[in-house]
1. When the distances between all Cα atoms of region 295-405 are binned every 10 Å from zero, what whole-number percent does each bin get?
2. What does region 222-283 give for Rg and for Dmax, in Å, if only its C-alpha atoms count?
3. List the lysines whose alpha-carbon lies under 24 Å from that of LYS422, not counting same-chain residues fewer than 8 positions away?
4. May I ask you to work out the translational diffusion coefficient for region 131-180 at 4 °C, viscosity 1.567 mPa s, via Stokes-Einstein with Rh from the Kirkwood sum over Cα pairs, reported in whole µm²/s?
5. Based on the Kirkwood radius over alpha-carbon pairs, what is the Stokes-Einstein translational diffusion coefficient of region 56-151 at 20 °C with 1.002 mPa s viscosity, in µm²/s?
6. Starting from the Cα coordinates of region 330-380, work out the convex hull volume and express it per residue in Å³.
7. Stretched out fully, how many nm does the piece from ASP43 to THR164 gain, at 0.36 nm a residue minus the Cα gap?
8. Could you work out what % of the accessible surface of the chain is carbon and sulfur, using a 1.4 angstrom probe and leaving DNA, RNA and ligands out of the count?
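The values are calculated or read from the model by the stated rules, or taken from the named source; none is laboratory data. Everything numeric in this text was worked out from a predicted model, so none of it was measured. Here the Cβ is made from the backbone with ideal geometry for all residues, glycine too, and neighbour counts use every protein chain on show. Remember, those area values only see protein heavy atoms, side chains included, never the ligands or the DNA or RNA. Shrake-Rupley method; radii C 1.70, N 1.55, O 1.52, S 1.80 Å.
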Amino acid sequence: MMISSWRRRRAARRAGKQQDKNNDGNNMELTIPSHFRCPISLDLMKDPVSLSTGVTYDRESIERWIEGGNFRCPTTNQVLESLESVPNRTILRMIQDWCVENRSYGIERIPTPRIPVSSTEVSEILSKVTVACQEGDQVRCRDLVAKLKRLAKESERNRKCITTNGSASVLAGAFEAFSTGALDKNVAVLEEILSTLTMVFPFHDDAKAFLGTSSSMHCIIWFLSSGDLSRRTNAVLVLKELVSSNQRKVNEVLEIEGAIEALFKMIKEPICPSTSKASLTIIYKLVTSPCTSENILSKLVHMGLVLLLLETLVESERSICEKALGILDGICTIEEGREAVSNNALGMPVLARKLLRVSNLATEFSVSILWKLCKMEKSEDCGGVNLVVNQALQAGAFQKLLLLLQVGCEDRTKEKATEVLKLLNLYRDRMECIDSSDFRDLKRTF
């Protein structure tokens, strides 16, 4: 019994010593070799590249350094003879081997990064695209554009390189060239170009000139009117970029049959926030254009745009709120638009709610709409009170406008707010004002 007990104690002591050794091993801190660390970030390099000075850095860190306007080597302070970096495959393999050796410490192997596209490679592809357009080879052109898009999707660096090398102008020229032919024959290449164009914003003047031709504009609207979601998405994004700074193009959109209906559909059946913002931006440009006739505004009202915008305003982010309010402000310049807003149960509560809760621009639009509704509305109810004034008082607009004047706003907005307040004050004693927070229980109709 004594021998058996002694053996058990000895085995327990050995097991304890082994456990201590294991614990010591697990608690050891793994040290990354200094030549595997980026001199800028001091982190393990994932994509080591060497500069003309011979020093190796992680690609992301050194590119951020150069983009910041620094043209000297961070380590040696020497002026860089070339801003081009060369992948250091030797260091990369050493880092990968070190990761594999230390995988027991939870270190994962660094994947081999893709070599980013160079300016020379982009220029060669664009030259081939131009030649394919001149020869009318839509299959070859589509393949080249697809390659360009694939490279742009690989990394943000590739996209910037493609954008800065004039790809927008070449692609826009190709789009214009193939849009003049038979649409059913060239639809595949046109769709590929349109999709790639959305990745090379912003457009310069030469690209806008190609896309602004009659054939190109009609082709974009044709894609916008199609049933395919990706076509509609790409078309509205390109169209927004095209008309955002060119009033003449806005007027041309108005003249294209089916353009307004297609844009309305983009708001009624939203695809994503970016397409909704683009559609609202284009419609805002349309309704505020000096060349837009009352017939166009009346058409938008009859299509149900006012109700759609008010429902959108119930719950939407700042950017969409601003654009929707801007469109309503433009529509309220005609009598039919004002009637559509004032006759809608959401109209006045929404406007009162947005007076102070969104942004300065939204406040400016909201006050302008209220001013147009109250100053231009002539109808009265049985008590001799202006119907719109009645709605404004019930929605709590009086208190919101008073608070707005106390907080401060632009002079133009202040003048309109003061005029509306004077008008509301004439009837305020006759009405029981309610707080606009009661609006929170209103539900959107579908």
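1. The percentages, shortest bin first, are 15, 50, 30, 5, 0.
2. Every Cα atom of region 222-283 included, Rg and Dmax give 10.4, 28 Å.
3. Qualifying lysines at Cα under 24 Å: LYS354, LYS372, LYS375, LYS378, LYS400, LYS414.
4. 114 µm²/s
5. 126 µm²/s
6. Spread over its residues, the Cα hull of region 330-380 gives 72 Å³ apiece.
7. Answer, rounded to one decimal: 40.6 nm.
8. Solvent-exposed carbon and sulfur of the chain make up 50 percent of the total.
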